[in-house]
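J.: There's a structure below that I have some questions on.
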Amino acid sequence: MPVSETLNPLKIAGISYYYPPDGASLQGRDGRVDLDYAGIPVPLLDDDFKALSGSEPSYDAVGRGVYQLLRINPDAPFSERYALMLRDAYPHLFSEMATELVMLDKKDVDLPYLDRKINYLKIFALLEPDNHRFPSEIGATYLDKALNIGALGKTTVYLFAAEKYLNLAHALDADDLHTRQLAGEVAFLLGKYDAATGFWHGIAGALPENAAKTVAERLARIAAGDFSLVPAIDYLQAVGVALEAYEFGDYEEASAIILDVLEALSQFEEFPLAEINYLLGLCYVKLDTPRYAEDYLRRAVELRPDFNEARQELAALGVA
């Protein structure tokens, strides 16, 4: 039995593993690829695995399997080896992934795109572990995910993931302004005010105007002790609870929770305030209180003029 069969790869739906014998090599691209791939379980799509019939997998089959596994879970065991295989043996797939990552930066922010972006960034981070930009962007994307209205039920998980990667990026390059700004923001949201001060100290003057203003104001509040003992993350979690209540049809509970937290959240311009006001407006639509519904739907449009769903609800109320 090859040594590789004693290893424990991650079980992933649609993926089966081939265990190459000692000394096996992957060959392809008319002899331009001759890669030793013994010693690790090789992911294959189930159909490619079923077609083996005792033979070695083809060059194309290995590429399909490695590419699929990395896109699904770049944190899986042996992913660093798989990423190296993709880079060295499949430059066309590697180039395709890089192009898609660039395109993901230009798309609207929603959860599926954020998940794909994080996974692609993690693949590149495997190949350049000393490059601070990849963990910095991973952390920034986890922060975007934590503040997405559809993910508020797991906002704590995503904020701590953002903290992990931004701290890693800061350890690799302590002078990067973008990383320090975001790491301070995450620390502030988590209620870690000393850590936020450490990240933000001395950088406000070098930031863009809006970011500089926010950092300066928050540093002043921390210095004066003028901050809530309840960290912002707790309010975000509360909105997540309200979203669940709404989905279960408990509109009175959902609206009560949102009303309790909106004032506290209003100082955080990075929060999805338009979406939260929209959710409150929907609650009042369901509760048949159109005047309140109109107020909060209009607030949602004021905060985000392109909020078409809110405009449609206003039109349905006859007040657009």
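J.: If I ask for residues that are assigned to a helix (DSSP H, G or I) and surrounded by fewer than 16 Cβ atoms within 10 Å (Cβ to Cβ), which ones from the stretch 254-285 would you list?
T.: At the first step, the residues of the stretch 254-285 found to be assigned to a helix (DSSP H, G or I) are 254-265, 273-285.
If the condition is that a residue be assigned to a helix (DSSP H, G or I) and surrounded by fewer than 16 Cβ atoms within 10 Å (Cβ to Cβ), then 256, 259, 260, 263, 264 are the ones that fit.
J.: Filter the stretch 140-170 down to residues that are over 30 Å from residue 246 (Cβ atoms) and not hydroxyl-bearing (Ser, Thr, Tyr) and give me whichever is surrounded by the most Cβ atoms within 10 Å (Cβ to Cβ). Step through it out loud before you land on a result.
T.: Step one: of the stretch 140-170, the residues over 30 Å from residue 246 (Cβ atoms) are 164-170.
Subsequent filtering for residues that are not hydroxyl-bearing (Ser, Thr, Tyr) retains 164, 166-170.
On the way: 164: 15, 166: 31, 167: 18, 168: 19, 169: 27, 170: 22.
By that ranking, first place goes to 166.
J.: Which of the following residues is among the β-branched types (Val, Ile, Thr), assigned to a helix (DSSP H, G or I) and assigned by TED's automatic domain parsing to the domain that holds residue 174: 215, 241? Give the steps one after another, and end with the answer.
T.: Numbers: 241 fails: assigned by TED's automatic domain parsing to the domain that holds residue 174.
Step by step, each of 215, 241 is checked, and only 215 is among the β-branched types (Val, Ile, Thr), assigned to a helix (DSSP H, G or I) and assigned by TED's automatic domain parsing to the domain that holds residue 174.
J.: Taking interchain pairs and intrachain pairs at least six residues apart, which have beta carbon atoms under 6 angstrom, with the first residue in the stretch 74-85 and outside the structural domain of residue 135 (by TED's automatic domain parsing) and in a helix (DSSP H, G or I) and the second among the β-branched types (Val, Ile, Thr) and modelled with pLDDT under 90?
T.: So the pair list comes out as 81/40.
J.: Which residue pairs have Cβ atoms under 8 Å apart, sit 6 or more places apart or on different chains, and have a first residue in the stretch 302-314 that is in contact (Cβ under 8 Å) with a residue 12 or more places away in the chain and a second that is of a type in the set (Phe, Trp, Tyr)?
T.: Qualifying pairs under 8 Å: 307/278; 309/278; 310/278; 313/278.
J.: Give the number of residues within the stretch 13-40 that are exposed (fewer than 15 other Cβ atoms within 10 Å of the Cβ) and either closer than 17 Å to residue 77 by Cα or modelled with pLDDT of 90 or more (or both).
T.: Of the residues in that region, 2 qualify.
J.: In the stretch 41-50, what residues are in contact with a strand residue (DSSP E or B) (Cβ under 9 Å, 6 or more places away or on another chain) and either surrounded by fewer than 17 Cβ atoms within 10 Å (Cβ to Cβ) or not in a helix (DSSP H, G or I) (or both)?
T.: Start the filter on the stretch 41-50 by keeping residues that are in contact with a strand residue (DSSP E or B) (Cβ under 9 Å, 6 or more places away or on another chain), which leaves 41-46, 48-50.
Once the filter is applied, which keeps residues that are in contact with a strand residue (DSSP E or B) (Cβ under 9 Å, 6 or more places away or on another chain) and either surrounded by fewer than 17 Cβ atoms within 10 Å (Cβ to Cβ) or not in a helix (DSSP H, G or I) (or both), the stretch 41-50 yields 41, 42, 43, 44, 45, 46, 50.
J.: Scanning for something free of Cβ contacts under 8 Å to residues at least 24 places away in the same chain, acidic (Asp, Glu) and closer than 19 Å to residue 233 by Cβ, does the stretch 266-287 turn up at least one residue? So that I can check it myself, show each step before the final result.
T.: Restricting attention to the stretch 266-287, the residues satisfying the condition of being free of Cβ contacts under 8 Å to residues at least 24 places away in the same chain are 266-267.
After this cut, where a residue has to be acidic (Asp, Glu) as well, the list is none.
For the stretch 266-287, residues free of Cβ contacts under 8 Å to residues at least 24 places away in the same chain, acidic (Asp, Glu) and closer than 19 Å to residue 233 by Cβ: absent.
The values are calculated or read from the model by the stated rules, or taken from the named source; none is laboratory data. Only a predicted model underlies this, so the values are computations on that prediction, with no experimental measurement involved. Counting neighbours? That spans all protein chains shown, and the Cβs are built from the backbone with ideal geometry, glycine included.
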